[in-house]
Structure formats: structure tokens, C-alpha cells
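Report on the following structure.
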Amino acid sequence: MIEVALVEDDRVLRDGLAQLIDAEPGMRCQRCYGSVELALAEPAAEAPDVVLLDIHLPGMLGSVGVARLCERYPAAVILMLTIYEDQDKVFESICNGACGYLLKKTPPARLMEAIREAHGGGAPMSPEIARKVVSLFREVRPAPRETHSLTPQEVRLLGLLADGHSYQSAAGQLDISINTVRNHVRSIYDKLHVHSKSEAVARALKAGILR
């Protein structure tokens, strides 16, 4: 059972998301908060597996609060969920510990897939956000080319993930199974010495593997 916590100030949206998650087999949402402060004020309990965190909250912004929630629940993974594509907030959230970044217009089925992907060690992002992240890293440090041991298939897969494709979508593009995608991702992480998709993309951009 994947335990999901919600931090969202819009009560209608919060209740709707909680019901959606509770209706999904293998998921449960029993903790909902209207702000980061309320989430941090609750007595410590068993950590959620995944936290869906809005950015523009009353009081502490989610892009700042993600670091506090990571300290409180180090085993949890945090997905940012917002209507905004603010480039600075995207970068701040990821630097502070968010493993993924989704827009609120994300279809429900994709949102459930993203929760499972994050829980499984992935870093789901809406395509619009993924493009911004790639653009940000390219601006921050143009990469000199370095040697690497990634296979051509792994490089193609990493490029698709950097463009915002899900594991399922990437599998379709490469005409391989989703299990093969997962095996390639584990190999990419091992070869690049990283632990998440965002880290892999950043390392590949800095090394000139992706352009």
C-alpha cells in the first residue's frame, strides 16, 4: 500500500485528489494539510511514502517547505504539484529535494502513474517542466564532452526521459518492454553514479552526453 500525503490549500482540489487516490488500488491518502506549517505541526507519525506538495501555499511556499519535509520524512519522496511553470520555483524545488514536478492539469491516470513511478525510484515530470529543467541545466553549465559507458540505446532512453516521457511512453518509442526500460534505467544510474532521473539528466548534460 502506497501511503500518500497531500499539502494543498485549495480544499475542493485537496478533497478531490484524496478521493481519487483512495479509489486507486494499492494507494491510500489519510493525511491532508492546507499548508506546510500544518503538516510539520502534526506529531511525528509513520512517514508517508509519497507527498504531493503544492508550491503557492499560504505561509511557507512549497518550494521552500520541500526541504523541511525531506528533513521530517527522509524516506518519503516529494512530488511538486502546481498550476505554475515558474522556472525559478522549478529549480528551487528540485534543488531542495523534490523528486518530480507535475502540473495540476495532469490527467488523473498519469498522476496515479507518476505516484507509482516516484515510489519506485523514478522522477516523473510533466513534459513542459522537463523541458524547462533541461533548458535550465544547459544555461547553468554548457557541458564539455566526456567519455561514458552508456550504450546507444541507453542514451536514446535518457534523451526521451529528459524530454518528459514516462517509462511506458519511452518503451513505446523504443519498441521495448517497460521492464527493459527499468533495467536500462538502473544501468544508467549505476554508470552515471546517480540515484534519480533528474540527477541522471543533469549529469548527462554536464558530460555532453545529451545536447
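Can you confirm whether the stretch 94-107 contains a residue that is touching an Asp or Glu at 6+ places or on another chain (Cβ under 7 Å), surrounded by fewer than 19 Cβ atoms within 10 Å (Cβ to Cβ), within 30 Å of LEU174 (Cα to Cα) and modelled with pLDDT of 75 or more? Yes, because at least one residue in the stretch 94-107 is touching an Asp or Glu at 6+ places or on another chain (Cβ under 7 Å), surrounded by fewer than 19 Cβ atoms within 10 Å (Cβ to Cβ), within 30 Å of LEU174 (Cα to Cα) and modelled with pLDDT of 75 or more.
Yes or no: the stretch 124-133 includes at least one residue that is modelled with pLDDT of 85 or more and on the phi < 0 side of the Ramachandran plot. There is at least one residue in the stretch 124-133 that is modelled with pLDDT of 85 or more and on the phi < 0 side of the Ramachandran plot.
Within the stretch 39-84, the set of residues being acidic (Asp, Glu) and buried (at least 24 other Cβ atoms within 10 Å of the Cβ) comprises ASP54 only.
For the stretch 12-49, residues that are part of a helix (DSSP H, G or I) and either among the charged types (D, E, K, R) or outside the structural domain of LYS104 (by TED's automatic domain parsing) (or both) total 4.
The values are calculated or read from the model by the stated rules, or taken from the named source; none is laboratory data. The structure presented is a predicted model; accordingly, all values stated were derived computationally and were not measured. In this analysis, Cβ positions are derived from the backbone assuming ideal geometry, glycine residues included, and neighbour counts consider all displayed protein chains.
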